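The values are calculated or read from the model by the stated rules, or taken from the named source; none is laboratory data. Everything numeric here is computed off the predicted structure, so don't read it as measured data. FYI the Cβ positions are ideal-geometry reconstructions off the backbone, even for glycines, and counts take in every protein chain you see. These accessible areas exclude ligands, DNA and RNA; they are computed on the full protein's heavy atoms, side chains included. Shrake-Rupley method; radii C 1.70, N 1.55, O 1.52, S 1.80 Å.
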Amino acid sequence: MADSPLRTLRDVATLRATTAAARAKGHTVGLVPTMGALHDGHLSLVRAAKQRCDLVIASLFVNPKQFAPNEDFGRYPRDEAGDAAMLAQAGCDLLYAPGAEIMYPEGFATTVEVTDVSRPLEGESRPHFFGGVATVVTKLLLQCLPDCGFFGEKDYQQLLVIKKLARDLDIPTEIVGCPTMRESDGLAMSSRNAYLSPEERRIAARLNLVLHDAIKEARAGEAIAEAEAEAARHLLAAGFSRIDYVAMRDAETLAPISALSRPARIFAAAWLGKTRLIDNMEV
Ligand code: AMP
């Protein structure tokens, strides 16, 4: 891509040589893994990386291993040129956009599986998902060997999974969590919001409001299970077609809670037609 606004690397050897040269100069390296179709949530990670690291690399790879056969891999939005322009504008230094043949060469046979924090919530609804995420993120971290990796709290369970794999596998990268960026009506920014019809987009804004209400009720003393059930009822009444879960959980272990005695978060996954939205927030 000769006229890309951002230097783009496509293979592991060039990435390694580039990060090794930066480290040899005493520069720190930050990696921001993405699946592209970028929005301001992704760019907030780039900005956080720029504050912490000298060389900021964003990766772009739509990872087939984290989609089940019936999911949206084929129609997931792809716009590398547009993404490169946004990254350059945000001050990103390099784009790493490997092809599938680089990430999963013929004969690829390894899966990284994180137990415990992978199991509930997304793990129950999308059993293939965290195996795919953990495998690709492990590869990206080992390919790049960044000092810091930046991930959004929008995917809070994923952030816990990645922290755990980095710790368990002695990957020398600090995993940094960054706050969820939202639209003006509170909808968490997501590449999948592009799937929503105008009517669905209007309903989608209810998700964060219903979670705020559930937090208020639980803080006011309502039983956790009742606050969860009421939130699910409100989402269905607002027009969501199906609820995968609405759950308040321990913020560290994701274990179910019966009282707000330790740091907790509320998590939800709900469908609007063919689009599945997730959100979470601190209780
Ligand atoms: P994705 O391209 O959806 O795989 O996301 C790439 C990274 O951006 C992940 O670490 C996400 O958690 C993060 N991210 C996605 N949406 C947001 C958001 N609204 N605010 C902050 N980070 C986000």
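Descriptive notes on the structure:
- Per residue, the stretch 8-178 exposes 42 Å² of accessible surface when a 1.4 Å probe is rolled over the protein heavy atoms with every protein chain present.
- Since only Thr18, Met103, Gln89 are under comparison, the one whose Cα sits farthest along the positive direction of the charge dipole of the chain, derived from C-beta charges on Lys, Arg, Asp and Glu, is Thr18.
- Relative counts (whole %) of C-alpha pair distances in the stretch 109-234, using bins that are 5 Å wide: 2, 10, 15, 16, 18, 16, 12, 8, 4, 0, 0
- Zone residues, the stretch 111-148, relative to Asn70, backbone N less than 19 Å from point 7 Å out along Cα-to-Cβ: 121-132
- Centroid-to-centroid separation of the stretch 32-65 and the stretch 236-283 [C-alpha atoms, Å]: 25 Å
- Taking the charge dipole of the stretch 191-282 about its Cα centre, with +1 at Lys and Arg Cβ atoms and -1 at Asp and Glu Cβ atoms, the residue from Ala218, Ala269, Ala204 reaching farthest to the positive side is Ala204.
- Virtual spin-label span in nm between Asp11 and Phe108, 7 Å along Cα→Cβ: 1.7 nm
- Here the stretch 59-166 has 52 percent of its accessible surface on carbon and sulfur atoms, given a 1.4 Å probe and all protein chains in place.
- Three-way shape label, the chain, alpha-carbon gyration tensor, a/c 1.5: prolate
- Charged-residue dipole, Cβ positions (Lys, Arg, Asp, Glu), the stretch 164-265 about Cα centre, Debye nearest 20: 140 debye
- Portion, in percent, of the accessible area of the stretch 191-282 that falls on carbon or sulfur, probe 1.4 Å: 53 percent
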